[in-house]
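J.: Got a structure for you, questions after.
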Amino acid sequence: MILPIAPLWAIPIRDIPNPRKLNGTWVSDVANILSAETESRLNQRISQLESRHGSELAVVTIPDTVPLPSPKAYATELFNTWGIGKRGIDNGVLLLISVKERRIEIETGRGITSQISNDQVAQIIETKIKPEFKLQKFDQGTINGVEEIASRLEQIRTPNFAFAPIYNGIGIFGVAIALGGITWTVLKINSWCQLLPSVYNLQSPLVFQIKIQQLHQVANAPMRLIAFGVGAIAISASALLWQDSATGWVLQLDRHFLALLMINAAIALISIPMWFGITYYWLAKLTKTLSTNLPHQIWKLFGTTILKNLWLLLSIQCSLLFVVAILISPSITSWIPSHLLFIAISLICAMSYQFFLIYVVNNVSVDDKIALEQYFCVTCRTPTQRLDEALFDTYLSKPEQLAVQLGNATYSLYSCDRCHPVTTRDRQHIYCHPNILKEESVCAKCHYPTVIAADLKQSRKPKKFPKQGSKNAISIRQCQNCFHEQPVYPYVPQPVSSSYYSGSSTDYSSSSSSYDSYDYGSSSSSSSDFGGGSSDGGGSGSDW
Ligand SMILES: [Zn+2]
Ligand SMILES: [Zn+2]
Ligand SMILES: [Zn+2]
């Protein structure tokens, strides 16, 4: 760019025309010392450099560097004002020529400094530019300088593509995904708590039980989404760390993979409060819905769960080392793009730690009250109250009271005092949970646990028991509620193996049962096994 008149006064930096913005070129000849041919030649060369290699080179001539304290300060200021070089790669160079001060400054970007030392820069000025400038050959000196800088830059192996915006994008994407996952988790917990009575173990129309103790049964997918989001954040964070390292964006996974694991472990550490928050919200919401007390010292529970599973964390760490060691082996790095590999390793590491934390969240034990599978009222979702045994006479049916007296069963009665206060309490609204102590005492006919062993003499119809083989019944089992009777035959050992008894002439029958049900009411019944049914007092029995 040639100005018609070279200004004789100092020019503020903001008034130096930016050639990139002006017409997409690289040279700003404010001091007007370069010919039009030189400018176009320089622009051509620098454009070639930029398209081939990605680095940027600006050439600026100015009358003087007043009011800044030194030409160096002026160069640095101008360099950063324009932002020469790609963001994140910092691969820019500024060649500044101040005419009155007879000063040449070459300012290099952060990504270049480690590749071309300040001594080398000084050498370029001394050998390529100064000799020509001393002879007033500004065109040739500038061309020499630009040629030398460009060829030096082209030898540096830096990517010609700015990855920083992509990694920043991945980070923002990760934050969005993680926040979305957290929101989804909260929504899932809320909706689950609203559905609570309808989804869990309805024992009767009156009560339900909580068997769930792990959050993953409620919010599995959302928590995985959070883990994925944190993984994306980890990629971005690891990338940012690489950005500041001396090698710029040339990833050296083999040299830094331990550091990579450390970064991911640090991110896992930072994410612990978030997972604790989710755990706390889950327990708080659950206990509030069920009107129980929040487990105290959740932090302690959380911490001990992590400590208890340290072995798991260590094995994750070891397998990660193994996987990463394989991934960064030369045979793999040669055919997978290093950025892809970097993303894969970061994601694998970060998500492994996140899945460990999800495991911890799922294993923080819920309040004892909930873990004990208490009965909750379907109507108001509060824990029901267990009634005292003194109330058995009031609320148990006659056969149930009989079963308790015989020692065959006990009953637990649960009533919701909120929905049915003591004054209006009735059996219809009490959940009666039977606890059968002797499984064989359940009557096949009336289903109450009211069967006891009795003497044959106590039988009401002893003659009716058929013989089993040659044996008569020796005793009976009699239901004290409906007086259904079962004969008991003497124990007959069964042949252990047919070959062992082959020489024997005894006439063991093939009958396999020593108990044979004989039913007075319905003779068609031939089963000697119980179906496992239970009764709430239905059916009837009568004497004859
Ligand atoms: Zn209730
Ligand atoms: Zn009622
Ligand atoms: Zn019975």
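J.: At q = 0.24 Å⁻¹, what is the base-10 log of I(q)/I(0) for the stretch 257-335 according to the Debye formula with one equal point scatterer per Cα and no solvent? Please give it to two decimals.
T.: So the normalised log intensities are -1.14.
J.: Still on this structure, please answer the following. Is the shape of the stretch 13-155 rounded, prolate or oblate, going by the alpha carbon gyration tensor and its root eigenvalues a ≥ b ≥ c, with a/c under 1.5 for rounded and a/b larger than b/c for prolate?
T.: On the way: a/c = 1.20, a/b = 1.14, b/c = 1.05.
Note, shape of the stretch 13-155 comes out rounded.
J.: To the nearest 20 Debye, how big is the dipole of the stretch 385-440 about its Cα centre, given +1 on the beta carbon of each Lys and Arg and -1 on that of each Asp and Glu? All intermediate terms of the calculation are to be shown ahead of the outcome.
T.: Values: 6 positive and 8 negative charges, 35 e Å.
Dipole size: approximately 160 debye.
J.: In addition: Report, ordered by chain and residue number, the lysines lying within cross-link reach of K308, taken as a straight Cα distance under 20 Å and ignoring same-chain residues fewer than 8 apart.
T.: Those lysines meeting the cut-off are K300.
J.: Once the Cβ-Cβ distance between L456 and E389 is put in as r, and R0 is 56 Å, what FRET efficiency do you end up with, to the nearest 0.05?
T.: Details: r = 35 Å, r/R0 = 0.63.
In this case the efficiency is close to 0.95.
J.: Could you order Y281, Y167, Y491, Y414 so the one with the most accessible surface comes first? Probe is 1.4 Å.
T.: On the way: Y281 75, Y167 5, Y491 180, Y414 35 Å².
Largest accessible area first, the residues go Y491, Y281, Y414, Y167.
J.: Continuing with this model, one more query. Suppose every K and R has +1 on its Cβ and every D and E has -1 on its Cβ; what is the size of the dipole of the stretch 13-155 about the Cα centre, in Debye to the nearest 20?
T.: With only Lys, Arg, Asp and Glu charged at Cβ, the dipole is about 120 debye.
J.: If Lys and Arg each add +1 and Asp and Glu each add -1, what is the summed charge of the other residues whose beta carbon sits under 10 Å from the beta carbon of L94? Don't jump to the answer; show the numbers that get you there.
T.: Working: positive: none; negative: E56, E105, E107.
Local charge sum for L94: -3.
J.: Next question. On a straight-distance basis, which lysines could pair with K471 in a cross-link, Cα separation under 30 angstrom, same-chain partners fewer than 8 positions away excluded?
T.: Correct list for K471: K438, K445, K457, K461, K463.
J.: What whole-number value in Å² describes the accessible area per residue of the stretch 385-440 for a 1.4 Å probe?
T.: Values: 3290 Å² over 56 residues.
Roughly 59 Å² per residue, with all protein chains present.
J.: Something else about it: Using DSSP to define loop residues, name the GluC sites (Glu not before Pro) in the stretch 78-152 whose beta-carbon has at most 16 other beta-carbon atoms within 10 Å. It would help to have the intermediate numbers written out before the result.
T.: On the way: sites: E101, E105, E107, E126, E132, E147, E148; in loops: E101.
Within the stretch 78-152, the qualifying GluC sites (Glu not before Pro) (loop, at most 16 other Cβ atoms within 10 Å) are E101.
J.: Test of understanding: what is the full-extension gain from Q214 to K467, defined as 0.36 nm times their sequence separation minus their Cα-Cα distance? Write out the running numbers ahead of the final one.
T.: Values: separation 253, 0.36 × 253 = 91.08 nm, distance 5.71 nm.
The span from Q214 to K467 would gain 85.4 nm if fully extended.
J.: Kindly report, to the nearest 10 Å², the accessible surface of Y448 as traced by a 1.4 Å probe over protein heavy atoms only.
T.: So the heavy atoms of Y448 present about 10 Å² to solvent.
The values are calculated or read from the model by the stated rules, or taken from the named source; none is laboratory data. Predicted model, so just to flag it, every value in this text is computed and none were measured. Note that each Cβ is placed from the backbone with ideal geometry, even for glycine, and that neighbours are counted across all protein chains shown. Accessible surface is based on the protein model in full, side chains and every heavy atom, while ligands, DNA and RNA are left aside. Shrake-Rupley method; radii C 1.70, N 1.55, O 1.52, S 1.80 Å.
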